[in-house]
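The values are calculated or read from the model by the stated rules, or taken from the named source; none is laboratory data. Keep in mind that this is a model prediction, so the values were computed, not measured. Don't worry about glycine lacking a Cβ; one is built from the backbone with ideal geometry, like all the others, and counts go over all protein chains shown. Ligands, DNA and RNA are stripped out before the accessible areas are found, and what is left, the full protein with its side chains, is counted by its heavy atoms. Shrake-Rupley method; radii C 1.70, N 1.55, O 1.52, S 1.80 Å.
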Amino acid sequence: MAASDYDSACLPDILPLYYRRLFPFSQYYRWLNYGGVQKNYFQNREFSFTLKDDIYVRYQSFTTQNELEKEMQKMNPYKIDIGAVYSHRPNQHNTVKSGTFQALEKELVFDIDMTDYDDVRSCCSAAEICPKCWTLMTIAIRVLDRALRDDFGFQHLLWVYSGRRGVHCWVCDEAARKLSVAARSAVAEYLSLVKGGDETMKKVVLSDPIHPFIRESLVVVERYFPLYALQDQDILGRKESVDKLQQDFQNEKKPENRWKLLEDQAKRKQGTSKKGQHFEKEIMLQYCYPRLDVNVSKGVNHLLKSPFSVHPKTGRISVPIDLKELETFDPFAVPTISMICEELDRPRTVGEEEKSEETNDKENEKDAAESRKIRDYKRTSLAKYVKCFDQFLDVMARSWKGELLKKSDLQKDF
């Protein structure tokens, strides 16, 4: 079955295979356990499963990786969401005294959805995406990743493709996980520039002096704007865009020349009027700047779709994005569940068979099962995305080791 032949009716048949042989449980547990630095961190985490026919099961929690594995293989969720770390185990929330069950921590998360850009893309609308408008997601990742690292000092950012029309960011630093609702709101507001609904024509308003964060964001936007907005979306060629920008230059045919006219007018205005002096920058930001769902970032107890969850509509796996290959990341090349299950059915090569027998001799039964799973995903298109996840975890593990050493030093009785 080719990627384009994905049929959602097959999900009940192939999800069990995916959770039994391909889902990277070992890395998944390693991530959410955060090195065991904090006691009961994994145990008090909420998982939510969406089952067949939109049956929604909240407040799931697990003591060990093995328990999570068994439950997911039993329930075969169509979608997995991850929630907060609570004061008590989420699966016991009904037994806890009223008011004491509280969401304590969660990664700082960001959700960027292509549907929020419908007023600035002409190639697609609603849930549709294409290579032309996918540039908006590339810009969003570039702008936000720089700001979160340079302006806030966060280091452990996991960028994930949603499986359909957007991207998610999980900021996993300890400082980010401990942020209050007010602090999360402050970060989200700092990063938000595009304001106003469908009825608002001008959604970006800049004042003097331009904030350094906006200047840095413009450096990124200016790199992509000519190709994305002027050529791919032809914003100065479509009548509705020209009317919206209220410029009288219909006689100029080339989009680059039309933009030059706009910039010249902006420069002239800068010398005579304070108001509207940055309007060419405001246009660039309105068309290209990231559009955040602020409510997703604000709440500690807000659920967000898990990495390696399957998107039921497209069948695509929600995979980590390697920022070193961001410019060439193709959402249409992301494997579907049907594709990787088909790859699993391909006969093993002689080399793979020999390696498998060699490894089995050295392992006990439990280790062999885990090792088999690792070998299974390595035989599919999922391998490079799990490798990217592994690399992210390796970097994060170094900070856990530092924390554990600090703790052991404090506990020593000198």
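Summary table
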| quantity | calculated |
| --- | --- |
| Estimated FRET transfer efficiency (residue 40, residue 201; beta-carbon r; R0 45 Å; 0.05) | 0.30 |
| Gain on full stretching of the segment that runs from residue 227 to residue 190 - 0.36 nm per residue minus C-alpha separation | 10.6 nm |
| Fraction of accessible area attributable to carbon and sulfur, the range 88-161 (%, probe 1.4 Å) | 44 |
| Above-threshold pairs, the threshold being 24 Å between Cα atoms, out of 52/298; 203/324; 305/384 | 52/298; 203/324 |
| Loop-resident sites, the range 10-85, for trypsin sites (Lys or Arg not before Pro), counting at most 11 other Cβ within 10 Å (DSSP) | 39 |
| Extended-chain gain in nm, criterion 0.36 nm per residue less alpha-carbon gap, residue 29 and residue 332 | 106.3 nm |
| Heavy-atom accessible area per residue - the range 152-209, 1.4 Å, Å² | 43 |
| Residue 59 long-range amide H proximity, modeled H, under 5 Å | 47 |
| Local electrostatic count at residue 46 - Lys and Arg +1, Asp and Glu -1, tallied over other residues with Cβ under 15 Å | +2 |
| Under-5 Å amide H pairs with residue 105, H placed in peptide plane, nonlocal only | 85 |
| Where a label projected 7 Å from the Cα of residue 116 along Cα→Cβ would reach, residues of the range 124-142 with amide N under 13 Å | 137, 140-141 |
| For the range 200-228 and the range 13-32, distance of Cα centres in Å | 41 |
| Whole-Hz ³J(HN,Hα) from phi, Karplus 6.51 cos²θ - 1.76 cosθ + 1.60, for the range 74-87, glycine and proline x | 7, 8, 6, x, 6, 8, 10, 10, 10, x, 7, 8, 9, 6 |
| Environment charge at residue 104 (Cβ cut-off 15 Å; Lys +1, Arg +1, Asp -1, Glu -1) | +3 |
| GluC sites (Glu not before Pro) lying in DSSP loop within the range 74-144, provided at most 16 other Cβ fall within 10 Å | 128 |
| Loop sites in the range 81-183: trypsin sites (Lys or Arg not before Pro), DSSP, at most 14 other Cβ within 10 Å | 97, 178 |
| Spin-label model distance (nm) - residue 130 vs residue 313, 7 Å beyond Cα toward Cβ | 1.8 |
| Distance between modelled label sites at residue 54 and residue 254, nm, 7 Å Cα→Cβ extension | 5.2 |
